[in-house]
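One structure is given below, encoded as structure tokens.
The values are calculated or read from the model by the stated rules, or taken from the named source; none is laboratory data. Given the structure is predicted, the values throughout are model-derived calculations rather than measurements. Glycine also receives a Cβ, built like all others from the backbone with ideal geometry; neighbour counts cover every protein chain displayed.
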Amino acid sequence: MTTELPDYYFRVRENGALVFRLDTENRQRRIEMDQIAVINMRNGEIKPQGDRTLTEEDLTAIRAWMANRAEVLAHREIDDIHRAIDYLNITTQWIQSKATDDQLDAVTDPLLMAMHDLRSVLVRKKADRLIK
């Protein structure tokens, strides 16, 4: 672990983060976290906390974090889709080899509806791409 702390800490929350400036330059050498802003990733908004004015250094660090966070979230999103494909294959194998009649009765209709919905959207989107 490194002994040097970053200047900022970002507490992730749904759709964004709280931004804190870190300070250890005090008599007790304790880490003080001073909230300076709230980030909304959905609309890109950066709101200063209270009547605070953000410096250009603050805004640069926040925007860099937001760009990095957007990349992480995009990567996770596509990774989730690849996992869904794996789950569909695992589900197919489970149905083929292990599922009991009672288990099949419990999952067949919801699975068929979800797969029908997914197939409809995929076919429509593919047709739209082919028309372009």
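Below is a table of values for the structure above.
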{"quantity": "Residue in the range 72-80 that is out of contact with any Cys (no Cβ under 9 Å at 6 or more places or on another chain), within 30 Å of residue 12 (Cβ to Cβ), part of a helix (DSSP H, G or I) and in contact (Cβ under 8 Å) with a residue 12 or more places away in the chain present", "calculated": "yes"}
{"quantity": "Options 24, 60: the member that is at pLDDT below 95 and of a type in the set (Ser, Thr, Tyr)", "calculated": "24"}
{"quantity": "Extreme residue, modelled with the highest pLDDT, among residues of the range 31-46 that are more than 20 Å from the chain's Cα centre (by Cα) and not aliphatic (A, V, I, L, M)", "calculated": "35"}
{"quantity": "Qualifying residue in the range 15-27 (condition: surrounded by 14 or more Cβ atoms within 10 Å (Cβ to Cβ) and on the phi > 0 side of the Ramachandran plot)", "calculated": "yes"}
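Residues checked against (1) touching a residue at least 60 places away in the same chain (Cβ under 8 Å); (2) closer than 21 Å to residue 16 by Cβ; (3) surrounded by 12 or more Cβ atoms within 10 Å (Cβ to Cβ); (4) hydrophobic (A, V, I, L, M, F, W, C):
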| residue | (1), (2), (3), (4) |
| --- | --- |
| 63 | no, yes, yes, no |
| 69 | no, yes, yes, no |
| 85 | no, no, no, yes |
| 91 | no, no, yes, no |
| 97 | no, no, no, no |
| 113 | no, no, no, yes |
| 124 | no, no, no, no |
| 127 | no, no, no, yes |
